[in-house]
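This report concerns only the one structure given below.
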Amino acid sequence: MSYQTLAKNERMHDEAMADMATAWGLEHDFENHGWDIEKTIEHCKHMIGYDHHIPPKVYHRHGKAFYKAYRNYWYGKMRDDFEYMCHKTFGYMVRPMPSDDGYVYYSLTEDGLRWLGNKMHLTIREAD
């Protein structure tokens, strides 16, 4: 194996381990706070436009499933679970953007999209 292949494999392994640790840590902490991680995942799906109101457009390529998010925001009152995700992961997964009217825009970061995609067993791509 070449050095580039080994370095790529090592980087992919490190990313996978970090994703697993983040997901496990969040789920464990959510249980400790009495929150439902599945409900938060449903809210994250709605954030990217993947919900039951509009049929999601999932496409397949090379045996993998992909979804192109047509939006990436949640606008509403401050949510304890999203705020906790922001603070727990230091903005690694969810980014809050307060507005002047007392509400908050939440959006998933690239890492947050990857975490949600792992939960949904597909790859989520941002809209152009």
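The values are calculated or read from the model by the stated rules, or taken from the named source; none is laboratory data. Keep in mind the model is a prediction, meaning the values are calculated, not measured. Note: ideal-geometry Cβ built from the backbone for every residue, glycine included; neighbour counts use all protein chains shown.
For the range 35-85, a residue qualifies if it is of a type in the set (Phe, Trp, Tyr) and assigned to a helix (DSSP H, G or I), and the qualifying residues are 82, 84.
Can you say whether residue 94 is β-branched (Val, Ile, Thr) and modelled with pLDDT of 85 or more, as far as the supplied structure shows?
In short, no.
Yes or no: residue 22 modelled with pLDDT under 80 and of a type in the set (Val, Ile, Thr)? Against the criterion (modelled with pLDDT under 80 and of a type in the set (Val, Ile, Thr)), residue 22 qualifies. For beta carbons closer than 6 Å, sequence separation of 6+ or different chains, a first residue in the range 57-73 that is in contact (Cβ under 8 Å) with a residue 60 or more places away in the chain and a second that is not aromatic (Phe, Trp, Tyr), the qualifying pairs are 58/65.
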